[in-house]
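Asks: Shown below is the structure under consideration.
The values are calculated or read from the model by the stated rules, or taken from the named source; none is laboratory data. Note that the structure is a prediction, hence the values are computed from the model and not measured. Here Cβ is always computed from backbone atoms with ideal geometry, including for glycine, and neighbour counts include all displayed protein chains. Side chains are part of the model used for accessible areas, which takes the heavy atoms of the whole protein and leaves out ligands, DNA and RNA. Shrake-Rupley method; radii C 1.70, N 1.55, O 1.52, S 1.80 Å.
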Amino acid sequence: MATLATIISRIFTPGAGEAVARPAENPEDLYLVRAIPNDDVCLFVKDIDNTRVVRKVDQVAPKRCLKTIAGFCGAAALLILLLLPGAYSLLAGYEIQNLREKRQQLLIERAGLELEEARLTSPERLEELAKVQDFIDPAPDKIIYLPPTQGSLALNLPQQ
Amino acid sequence: METIRTRFLAGCSGTGDAGEDPPPIRRLRILIRLFLLWALLILATLVQLQIVKHGEFARMARAQQQREVEINAPRGMILDRNLKPLAMSLPVDSVCVNPQKIADVTVAADILSSVLNLDRDQLLARLLAAKVMQKGFLWVERKVTEEESRRLRSYKLPYVEFRKESHRFYPKGRLAAQVVGTVGMLEEEERGVVGLESYFEDDLQGRPGSLKLVTDSRQRGVDATVTVEPVAGQDIVCTIDERIQFVAERELAKAVVEHKCKTGSLVAMDPNTGEILAMASYPTYDPNEPVKKGEDLSPRLNLAISAPFEPGSVFKVITVAAALERTNLRPATIIPCGNGVINLFGRIIHDHDPYSALSMTDVLAKSSNIGAIQVGLRVGESTLHEYVQRFGFGRPTGIELPAESPGLVRKLKAWSKSSIGSVAMGHEVSVTTLQLAQACAVAANGGFLVRPTVLLRRGRDQQSLRKVSQEKPVRVMSPENAMTLRRMMEEVVLSGTGKKARLDGYRAAGKTGSAQIFDFDSHTYTHRYNASFMGFAPVTNPRIVVVVTLNGASLYGGAVAAPVFRQVAGAALRILDVPRDAVLEDAGEPGNDNLNDLPPAQLAAEPEETMLRPISVAAAPPREIVRPGALAAPDFRGKSLKAVLEIASAAGIQVVFSGAGVARRQHPAPGQVLSPGETVRVELER
């Protein structure tokens with residue numbers, strides 16, 4: 001029957017099982033009780049008083065630690081730097097596409113507004129509105145043409 | 001505080017055979033081999049993915065990540081000369097469904113028919129048929145309104161899809177409908193079918209492009225590359241002025257309705273450039289409304305270019321022009337009118353009014369038929385035929401509109417003996433309103449035949465519109481004779497049959513015309529007329545030519561068509577800011593004038609059915625008679641500058657001098673009628 005100890009032994013110590021199954025090679029030991037599996041594994045507990053132990057100061061450790069941290073940070077920064085343009089272009093791509101769609105939509109809206117403006121300013125509608133407001137075409141004698149030979153020019157300048 | 005010693009650790013301290021690797025090394029080796037094997041497997045897979053099956057996977061990736069999107073090329077706009085849109089395209093929604101996704105066809109038919117105002121049963125039948133036939137796509141309604149689209153979208157039906165399609169709008173409605181034309185659907189695309197839409201189809205129609213769109217897993221666009229650049233349709237700027245066009249259509253419609261005519265057409269043209277400022281036909285139609293089954297399509301016909309008619313007396317202008325050019329007849333030359341009777345190759349012809357003799361100016365002003373026949377006889381058949389052709393009749397003008405009629409001018413060989421008399425009065429020929437405008441422009445612009453055009457500019461957008469090069473006009477009359485003809489035509493308006501064409505503040509010239517309409521059923525001329533008026537203004541520097549034709553009128557051209565000219569030309573000159581060239585007077589409505597200009601149609605040979613349109617018979621027209629007075633130019637010749645000034649001052653006439661010494665020549669000639677505000681030019685020589 002495979003015990004837990006047997007399984008550990010099979011994994012970590014190849015051949016341990018054979019030792020267990022194999023009878024002792026020495027004929028004198030024939031009558032010895034066969035070894036218990038993992039018989040050679042010695043487990044013992046010993047109390048150690050380490051209250052007076054002082055850790056030896058390692059001068060190199062902090063540097064190594066800092067180097068490690070710096071290395072990790074550097075690697076992370078490099079990774080970010082490498083990935084950043086891609087990520088930025090991805091986000092920019094989304095933005096550009098959104099703006100393109102928005103532009104298209106705005107162009108359509110503008111065309112729609114132009115259409116509406118054209119409808120609203122059609123001569124037929126303007127004439128209807130003029131009738132409602134009692135507007136009339138000016139009589140011919142009400143129109144004054146400035147003779148070009150005199151160089152007259154009508155300007156609507158703001159008051160100084 | 002505690003130490004654990006295992007056999008594994010013990011093994012590390014150096015137990016085992018001297019010739020073999022210690023177990024940890026062995027195990028490490030095994031692990032490395034496993035890793036290598038794993039790496040090899042990955043490498044092999046990579047080779048397979050990246051090299052062996054690269055093409056296949058690349059295709060799959062492209063299909064998943066890239067989409068080919070069509071870029072619409074909008075159809076070009078049609079604008080008037082002031083860049084006011086007359087036709088424009090907008091993308092609108094079309095509704096389609098995937099019948100296989102519809103769970104309950106009846107419910108779907110109910111919803112769609114109520115939102116889109118469709119026949120529920122018909123839609124249900126279509127949906128059922130599509131579902132049974134395993135179709136994955138079905139158009140429900142194309143080009144729906146914005147409101148319908150918004151309402152249907154709000155329902156968020158999973159089986160409904162919306163697709164953008166271009167739709168043509170005509171924001172001004174009926175305005176210039178026959179000129180602008182319409183579009184129809186051909187092979188799923190909008191194509192012009194009549195008018196400018198058809199003539200400039202290649203320019204207006206853009207070429208759609210395509211776009212490679214890279215998408216993410218949610219089909220959102222990440223990057224786009226244009227693979228085929230779209231070519232937008234060119235905008236077409238036509239010469240039409242929407243304000244003049246509106247007035248033209250309004251006045252034409254009013255005249256047609258008021259005088260119970262069948263149809264009417266009008267052309268307003270710049271005589272110097274040939275640019276058409278307005279081109280109207282009545283009846284008309286709304287191009288926004290699609291053609292219905294069984295609908296009468298005649299209102300869609302551009303009568304001004306497509307419907308030829310016998311012109312009648314307006315054609316006398318051509319006869320007189322030929323006489324001025326090729327004979328020694330002058331405006332003051334007396335033409336015998338035989339007291340209203342003439343024997344033309346055995347046929348007795350009566351004039352509408354008996355005149356014993358008239359000056360050639362009066363022949364035109366009073367529209368004497370016998371006078372015109374006499375002038376025609378003096379001109380001769382071949383010369384008259386030549387001038388008819390030189391003035392552009394018998395061939396298309398070349399305007400940029402489809403379905404233009406060339407009219408009909410018979411070959412000289414086909415003329416009968418009496419044809420010279422008929423053609424001199426405007427019978428035995430058929431012309432279009434546009435051809436009359438082109439001919440009238442010759443007198444107005446000093447003798448040039450200009451090609452009428454409706455195209456002002458074209459280009460891709462409004463910033464880069466290109467001016468269209470004009471064809472060089474052809475001289476068909478000397479400038480002197482053109483000026484003389486202009487004065488003679490002015491007399492028609494001042495004292496002749498065209499008094500109703502007088503303008504406030506402008507000198508106008510023109511010619512009336514009335515031609516009896518031939519009934520092809522009874523083979524007789526009816527008492528309905530092609531009443532027409534062609535004229536121009538201001539006489540001193542003509543800026544506009546207006547030709548009005550009313551088909552089926554019961555009155556003469558001077559009574560029904562001349563007032564339309566007055567309204568349209570007056571409004572056009574005001575819109576174009578043309579300074580007045582005459583003193584303002586209350587032109588009013590002239591009454592009691594003799595406006596009869598009717599040539600005896602019985603003289604003419606029967607028109608061919610192919611060249612004319614049959615018109616129904618109606619009652620005979622009444623007649624009106626009136627004769628107003630006018631101021632004649634004094635004779636300044638031989639007088640000194642001071643004497644000329646005294647005479648002019650006493651008579652209230654403006655005089656312009658050139659040279660020095662004694663008056664030798666003057667224009668207008670002595671005795672000629674002066675229009676109000678007209679200036680007399682006096683040339684002095686020592």
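Asks: Yes or no: A:L78 modelled with pLDDT of 90 or more, more than 30 Å from B:I575 (Cα to Cα) and within 12 Å of chain B (Cβ to nearest Cβ)?
Replies: So A:L78 does not fit the description; no.
Asks: From B:I335, B:I370, B:I349, grab the single residue that is open to solvent by less than 20 Å² (accessible area, probe 1.4 Å) and farther than 24 Å from B:G510 by Cβ.
Replies: B:I349
Asks: So which residues in the stretch B:139-172 are without any contact (Cβ under 8 Å) to a residue 60 or more places away in the chain and of a type in the set (D, E), if there are any at all?
Replies: B:E141, B:E146, B:E147, B:E148
Asks: Does B:N98 meet the test of being under 30 Å from B:G195 (Cβ atoms) and not β-branched (V, I, T)?
Replies: Against the criterion (under 30 Å from B:G195 (Cβ atoms) and not β-branched (V, I, T)), B:N98 does not qualify.
Asks: Of all residues being assigned to a helix (DSSP H, G or I) and closer than 23 Å to B:D121 by Cβ in the stretch B:131-180, which is farthest from the other protein chains (Cβ to nearest Cβ)? Just the residue, please.
Replies: Checked the stretch B:131-180; the qualifying residue farthest from the other protein chains (Cβ to nearest Cβ) is B:V132.
Asks: With B:V231, B:V237 as the choices, which residue is touching a residue at least 60 places away in the same chain (Cβ under 8 Å), more than 13 Å from every other protein chain (Cβ to nearest Cβ) and open to solvent by 20 Å² or more (accessible area, probe 1.4 Å)?
Replies: Just one listed residue meets the conditions, B:V231.
Asks: Only one of (1) buried (at least 18 other Cβ atoms within 10 Å of the Cβ); (2) of a type in the set (A, V, I, L, M); (3) closer than 27 Å to B:L303 by Cα is not met by B:V193, so which one is it?
Replies: (1)
Asks: Looking only at the stretch B:205-223, decide whether some residue is open to solvent by 30 Å² or more (accessible area, probe 1.4 Å), in contact (Cβ under 8 Å) with a residue 40 or more places away in the chain, touching a Leu at 6+ places or on another chain (Cβ under 7 Å) and within 13 Å of chain A (Cβ to nearest Cβ).
Replies: Checked the stretch B:205-223: no residue is open to solvent by 30 Å² or more (accessible area, probe 1.4 Å), in contact (Cβ under 8 Å) with a residue 40 or more places away in the chain, touching a Leu at 6+ places or on another chain (Cβ under 7 Å) and within 13 Å of chain A (Cβ to nearest Cβ).
Asks: If you go through the stretch B:246-269 one residue at a time, how many are more than 19 Å from B:I517 (Cβ to Cβ) and either within 14 Å of another protein chain (Cβ to nearest Cβ) or surrounded by fewer than 24 Cβ atoms within 10 Å (Cβ to Cβ) (or both)?
Replies: 8
Asks: On the given criteria, is B:R243 under 30 Å from A:A118 (Cα atoms), among the basic types (K, R) and crowded, with 16+ Cβ neighbours inside 10 Å?
Replies: So B:R243 passes the test.
Asks: Could you count how many residues in the stretch B:23-54 are open to solvent by less than 60 Å² (accessible area, probe 1.4 Å) and polar (S, T, N, Q)?
Replies: Result for the stretch B:23-54: 0.
Asks: Given (1) in contact with a helix residue (DSSP H, G or I) (Cβ under 6 Å, 6 or more places away or on another chain); (2) within 14 Å of chain A (Cβ to nearest Cβ); (3) not charged (D, E, K, R), identify the lone condition not met by B:V226.
Replies: All conditions are met except number (1).
Asks: Same structure, new question: Which residues, taken from the stretch B:162-188, are of a type outside the set (A, V, I, L, M, F, W, C), at pLDDT 90 or above and at positive phi?
Replies: Across the stretch B:162-188, the qualifying residues are B:G173, B:G181.
Asks: Quick one: count up the residues across the stretch B:144-153 that are surrounded by 15 or more Cβ atoms within 10 Å (Cβ to Cβ) and not hydrophobic (A, V, I, L, M, F, W, C).
Replies: Qualifying residue count for the region: 2.
Asks: Which one is nearest to the other protein chains (Cβ to nearest Cβ), of the residues in the stretch B:55-109 that are assigned to a loop (DSSP other than H, G, I, E, B) and open to solvent by 50 Å² or more (accessible area, probe 1.4 Å)?
Replies: Filtering first and then ranking leaves B:K84.
Asks: List pairs: first in the stretch B:101-113 and touching a residue at least 12 places away in the same chain (Cβ under 8 Å) and more than 13 Å from B:A125 (Cβ to Cβ), second in a helix (DSSP H, G or I) and open to solvent by 10 Å² or more (accessible area, probe 1.4 Å), Cβ under 7 Å, 6+ apart or cross-chain?
Replies: B:I102/B:K131; B:I111/B:Y155
Asks: Right, another one. Could you grab me the full set of residues in the stretch B:396-426 that are without any contact (Cβ under 8 Å) to a residue 12 or more places away in the chain and charged (D, E, K, R)?
Replies: Scanning the stretch B:396-426 gives B:K411, B:K413.
Asks: In the stretch B:554-610, what residues are at pLDDT 60 or above and of a type in the set (D, E, K, R)?
Replies: Correct list: B:R566, B:R574, B:D577, B:R580, B:D581, B:E585, B:D597.
Asks: For B:A424, state whether it is at pLDDT 95 or above, in a helix (DSSP H, G or I) and hydrophobic (A, V, I, L, M, F, W, C).
Replies: no
Asks: B:L297 is checked against (1) closer than 23 Å to B:R174 by Cα; (2) hydrophobic (A, V, I, L, M, F, W, C); (3) open to solvent by less than 70 Å² (accessible area, probe 1.4 Å) and fails just one. What number does that condition carry?
Replies: Here B:L297 meets the rest and fails (3).
Asks: Next question, about the same structure. Check A:K63, A:K102, A:K131 and return the single one that is away from chain B (no Cβ under 14 Å) and open to solvent by 100 Å² or more (accessible area, probe 1.4 Å).
Replies: That would be A:K63, the only listed residue that is away from chain B (no Cβ under 14 Å) and open to solvent by 100 Å² or more (accessible area, probe 1.4 Å).
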